[in-house]
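The structure appears right after this line, and notes come after that.
Any read-out appearing in this document is the output of simple, stated calculations on the displayed coordinates, not a laboratory observation. Keep in mind it's a predicted model, so treat the numbers as computed, not measured. Please note: Cβ atoms are built from the backbone with ideal geometry, for glycine as well, and neighbour counts cover all protein chains shown.
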Amino acid sequence: MRLLFSKSASPHHGFATYYSFVEKIFKADAVLHFGSHGSLEFMPGKQVGMSDVCYPDSLIGNIPNVYYYAANNPSEATIAKRRSYANTISYLTPPSENAGLYKAKLTTLFEFLGECLKLIVAHNELGSLKQALEGKYVEPGPGCDPIRNPKVLPTGKTMHALDPQAIPTTASMQSAKVVVNRLIERQKADNGGKYPETVALVLWGTDNIKTYGESLAQVLWMIGVRPVADAFGRVNRVEIVSLEELGRPRIDVVVNCSGVFRDLFINHKKNHRREIEEITRGGDNLSYILFMKSI
């Protein structure tokens, strides 16, 4: 894994030769990748706007890249689109639960498998793959956990992530409040009744896409602001929560952003700076703004 994500580790000869063989000797009309995820899109080179010195560009060459991708991982699917020109077609991930033994007759099992096959056809995963290989249009659709966003179903669509300005949602903000309040109260109990002055959080691109900005919402609630959406559902400003409503000091949050979050949600990095400036001009008692100690 370290070699896979290393910016300095070029692909070995066998890896590079395979793609050359597929395009120039086998003369394939298209290449199929099955994820998530492969290694082609993580080869050294620029993050976006590939050039001839970027390994994903030189390896894939001129072959159409059709990529079967897990519906619950749209963030890394975006990387595959940007860096290896992939047409990512979503497939439904299996449910995660304890599976018991089949106690019915074998014919019942075959009936069940038949229903599964019908579902695959109904979801059009194989049909969309066929359309892509024929160079036809494949309908786009969101990628996410189907439980959080039922619009992911049916799968078999050209997967996209989300509008960066559409998060955090109201639901993710409500969930973030519960998590943050419990965390702060636990830290307060463990530290002799004192509130934590600083909390560190990592903002992952994958996590925020799947949860529609839940960890981003945690950052906002720690410093005591809430997102305000416009008529189109875009979050471009915040509302400062009063100390009376917040019931505690504003926590100093140290944020570490992943590369995917940095590239996809640059607007929120800019918004965060404005949020801090608005709070410092808000007239609160500075002793309740714990991040002022770091400024």
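General remarks:
- Simple spin-label estimate for Ile266 and Leu113 gives 5.1 nm between the two label positions (7 Å along the Cα-to-Cβ direction from each Cα).
- Cα centroid separation, the range 128-199 to the range 31-97: 21 Å.
- Extension gain for the segment Ser20 to Asp163, taken as residue separation times 0.36 nm less the Cα-Cα distance, is 47.8 nm to one decimal.
- Computed extension length for Arg186-Tyr137: 12.4 nm, one decimal, from 0.36 nm per residue of separation with the Cα-Cα distance subtracted.
- Full extension of the chain segment joining Ala30 with Ala229 gains 67.4 nm, where the gain is 0.36 nm per residue of separation less the Cα-Cα distance.
- Annotation: peptides 37-43, 217-223, ranked by per-residue average of other Cβ atoms within 10 Å with the highest first, follow the order 217-223, 37-43.
- Formal net charge of residues neighbouring Gln131 (Cβ-Cβ distance under 13 Å; K, R +1; D, E -1): 0
- Nearest-ten-degree value, helix 214-223 long axis tilted from longest Cα axis of the chain: 10
- Flagged links, alpha-carbon separation over 20 Å, of Lys130/Lys157; Lys24/Lys81; Lys7/Lys157; Lys136/Lys157; Lys46/Lys81: Lys24/Lys81; Lys7/Lys157
- Order by protection proxy (mean Cβ within 10 Å, highest first), peptides 141-147, 46-52: 141-147, 46-52
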